[in-house]
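Remarks on the structure that follows.
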Amino acid sequence: MGEILGFFSAKGGVGKTTMTANVGSALKHEFNTKVLLVDTHVFGADLSSHFGLLNPPVHVRDFLDGKLPANKVIYNDPRTGIDIIPGPLDPGKTKVNFSKLRQLLDTVRDDYEFILLDTPPWLGRETSGIISSVDEAIVIGTPTISGMLEARRTADMLRKRGTEIRGVLINFYRGFDYELHPEEIEDFLDDMDLMAIIPEDEKIRRALGYGVPAVIASPNSPGSKEIVALAAEVGGFEHFERPTGIVGRLLYAFGFR
Ligand SMILES: Nc1ncnc2c1ncn2[C@@H]1O[C@H](COP(=O)(O)OP(=O)(O)OP(=O)(O)O)[C@@H](O)[C@H]1O
Ligand SMILES: [Mg+2]
């Protein structure tokens with residue numbers, strides 16, 4: 001039965017969608033697991049664009065509005081083989097009934113090992129159906145004081161609603177002196193686990209233009225490597241960094257590393 005994890009931040013633009021697409025791709029391609037990605041950010045859906053699909057033929061609203069059954073809203077990306085329940089290009093004018101989200105996920109849960117939810121950048125009452133659908137939350141923060149305060153606030157709001165926090169990942173790390181350093185970030189997090197620090201990486205931004213997640217398009221870029229390590233932690237897999245030199249690659253290919 002698939003584990004349902006959501007990437008959350010009450011702040012916009014911190015990388016929720018990018019991490020959903022890339023961690024999911026890494027879980028499938030590096031660790032050979034069955035993965036489903038779900039876009040719950042109905043009023044700003046763009047998860048499927050990370051796979052080159054701008055106007056999805058089916059989407060999560062089709063199920064939530066009662067138009068299509070669960071198995072008909074899954075889109076299989078032909079290039080990566082990943083299953084996605086996209087969000088709509090046109091969000092529609094009526095309210096979205098997220099209370100049916102858990103029903104959707106329960107219907108397909110047995111077919112996957114991991115179900116990852118991309119979520120909206122707010123945690124208002126209308127998102128309670130999203131929050132209550134996840135087994136655990138991964139909170140995304142950025143390496144500044146305001147970014148960490150926002151991450152703490154997000155985690156507190158989720159915990160108040162009874163959601164377990166798997167850990168926090170920091171995105172857009174550049175190592176500048178005005179940023180918080182890893183030890184300072186750890187201090188900020190108190191009892192929460194720091195799962196990963198993902199560097200700002202131009203290859204990640206570029207991958208969105210290609211419509212193929214960076215972990216597949218540019219697996220050796222610094223950001224992709226950290227995301228693969230994060231996916232290993234999410235899935236509980238042992239992970240050896242894939243070597244880049246010819247000798248290392250040969251040894252790796254023949255199973256000596
Ligand atoms: N580590 C990174 N390095 C460089 N660019 C990144 C990184 N992470 C995300 N981005 C870029 O930042 C932008 C915002 O990322 P993304 O859309 O994933 O954020 P979001 O939290 O989902 O935003 P929203 O709250 O609006 O849904 C995208 O253009 C993405 O390519
Ligand atoms: Mg997003």
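For segment 113-150, filtered to residues that are of a type in the set (A, V, I, L, M) and open to solvent by 60 Å² or more (accessible area, probe 1.4 Å), the residue that is farthest from Glu3 (Cα to Cα) is Ile145. Among the residues of segment 170-207, the one identified as within 16 Å of ligand 2 (Cβ to nearest atom) and of a type in the set (Phe, Trp, Tyr) is Phe172. For segment 151-183, filtered to residues that are open to solvent by 80 Å² or more (accessible area, probe 1.4 Å) and assigned to a helix (DSSP H, G or I), the residue that is farthest from Ile138 (Cα to Cα) is Glu183. Filtering Lys93, Lys100, Lys67 for residues that are over 30 Å from Ala217 (Cβ atoms), open to solvent by 10 Å² or more (accessible area, probe 1.4 Å), in a helix (DSSP H, G or I) and of a type outside the set (A, V, I, L, M, F, W, C) leaves a single hit, Lys100.
Scanning segment 35-55 for residues that are in a loop (DSSP other than H, G, I, E, B) and within 16 Å of ligand 1 (Cβ to nearest atom) yields Thr40, His41, Ala45, Asp46, Gly52, Leu53, Leu54.
With respect to the conditions (1) part of a loop (DSSP other than H, G, I, E, B); (2) within 18 Å of Thr127 (Cα to Cα), Asn32 lacks only one, and its number is (2). The set of residues in segment 168-195 that are at positive phi and more than 10 Å from ligand 1 (Cβ to nearest atom) comprises Gly175, Asp190.
The values are calculated or read from the model by the stated rules, or taken from the named source; none is laboratory data. Keep in mind it's a predicted model, so treat the numbers as computed, not measured. FYI the Cβ positions are ideal-geometry reconstructions off the backbone, even for glycines, and counts take in every protein chain you see. Quick note on the areas: whole protein, heavy atoms, side chains included, nothing else; ligands and nucleic acids left out. Shrake-Rupley method; radii C 1.70, N 1.55, O 1.52, S 1.80 Å.
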